[in-house]
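Following: one structure in structure tokens, then a few remarks.
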Amino acid sequence: MEPDLDRLFDFESHGGLFPQFEGAWDSVYESAHRIAEEICGKRDGRARVAILATHPLSFTALFLAFARKEIDLFLFNPTWGRVELDTARRIADLHAEIRDSDAGVFEYELAAASAEEVQMGVNKLRVMIPTGGSTGRIRFAIHDWTTLAAATYGFQQHISCNRMAGHCVLPLYHVSGFMQLVRALLTIGKVVFGTLDTFTDVHRLLKGEKREVRFLSVVATQLERLLRSEDHIAELKEYRAVFLGGGPAPIGLLEKARDLKIPVALTYGMTETAAQVATLLPEQFLAGELHQGRALPHVKLDIVDEEQTNTRKAVDEIGLIQVLGTSLFRGYFGDRPDPSDVSIITTDLGKLDAQGHLSVLGRADRVVITGGEKVNLREIELAFEKSGLVRDVSAFGREDDEWGQILAVAYVPQDQGVGEELLKEMIGRELSRFKMPKKWIRLESIPRNEAGKALLNKLPA
């Protein structure tokens, strides 16, 4: 079902979505709208346009200016380096790229794309959301208003909320941030934007909203930082749910959040599904449950065999997570669409219990083969977390002439008194000998990206 955009954009035109932009919205949106008209008015076919915006005001104005146009809109990451930008531009083959030199101050270039126009049977906006940058292969997942609306209304039904007021501290070019904008628009709600450094000031902008409609999405590293402050702890309790995604969260962090009665909602989703497909309700989390919850109403989840993916696994058996749903993406830009693809088999390992609760156990490709033995990296990280001796940990493989690969671990100790020997003694009680790390890297903090993934290329050799 496609939303009634005309009704929604009557609301959007005066900036009611964005309370922090009230003074600047009209002029910035008008400027963005002029750019959209100029770019689209010069083309007979579909234009391919990239947004490369650093400020939420710029991004939101541009997105809404293009939202009813018949174009392919690419969300570029403004922190990409030259190689990544060149790759993204080569894939997109753009007609225009729009940047902001300041909040709401736009610069753009028109270009003659080399590829032939391909209509592909679409006549509305398609949004190209980047994925896979951490693996070195950038791809763009194709979404449209039908998939975005399915994700929003499924989320709305699952969480039992008529409208949504979001506090966005995640990047808008990433699906986790972008969908907060979409949810606010499609439910006629509100959204405010900030960082952890501006958390309190931006939080206050939602004071007029009831707790039942207030939502925050974070990754584990952000939640850990927020829980260091008594003021932030009190603020976190004023949300209906604090969604926690972006990969496995340390057990100690989850226990601390529960002890503090933070309404955490563990969630699972991906770019290809327009974010959440399973979410644990905060009241379940506070009652002691620890999984990713049930599938949202617009989604069906299965667990399939790693080798024979047409074989479903039984209750509580581990396999690959398969997603079928109306929010599923339309394929990757540049790939020929396959009409038979009605589901996606992920590279994530998980299991479903008898009540349909999903437990995500890590990535199937997060393994190291050392000395002929296969080691699951998440199992290693869990052993460290359960020891209570580390604040953060990341296990990974390093190439080695003798072993092929060796298991390495970067860790942040709970305090200065925790040394490598104590850790080896504690971890050795939990792990087989061949699973013990051969390289140990002690750090004050582990470098991570916005999604909470460890940046292995920034770790010491």
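Only the coordinates and a few stated rules stand behind these numbers; no lab work does. If you're wondering where the values come from, they're calculated on a predicted model, not measured in any experiment. Don't worry about glycine lacking a Cβ; one is built from the backbone with ideal geometry, like all the others, and counts go over all protein chains shown.
Some observations on this one:
- Among MET270, MET426, the order by Cβ neighbours within 10 angstrom, fewest to most, reads MET426, MET270.
- For the stretch 451-461, the Karplus equation 6.51 cos²θ - 1.76 cosθ + 1.60, evaluated at θ = phi - 60°, returns couplings of 8, x, 7, 5, 8, 5, 6, 9, 7, x, 5 Hz by residue, with Gly and Pro reported as x.
- Relative contact order for the stretch 320-461, counting Cα pairs under 8 Å that sit 6 or more residues apart, in percent: 16
- Whether the chain is rounded, prolate or oblate, judged on the alpha carbon gyration tensor where a/c under 1.5 counts as rounded: prolate
- Residues whose placed amide H lies under 5 Å from that of ARG448, excluding near-sequence neighbours: LEU455
- Spin-label pair ALA314/ASP144, simplified geometry with 7 Å Cα→Cβ offset, distance in nm: 4.3
- Mean separation of Cα contacts under 8 Å (6+ apart) over length of the stretch 146-363, as relative contact order %: 17
- Protection-proxy order for peptides 218-230, 59-71, 193-205, each taking the mean of Cβ atoms within 10 Å per residue, highest first: 59-71, 218-230, 193-205
- Taking amide H as placed 1.01 Å from N in the peptide plane, the amide H of PHE193 sits under 5 Å from that of CYS168, each at least 5 places away or on another chain.
- Potential extension, ARG163-ALA287 segment - 0.36 nm per residue separation minus Cα distance: 42.1 nm
- Estimated 222 nm signal from helices in the chain, with DSSP H stretches of n ≥ 4 weighted -39500 (n - 2.57), rounded to 500: -8000 deg cm²/dmol
- For GLU306 and ARG34, the FRET efficiency from 1/(1 + (r/R0)^6), where r spans their Cβ atoms and R0 equals 60 Å, is about 0.70.
- The chain - share of DSSP beta bridges that are antiparallel (%, nearest 5): 60
- Sites LYS261 and GLN416 - FRET efficiency at Förster radius 30 Å, r taken between beta-carbons, to 0.05: 0.50
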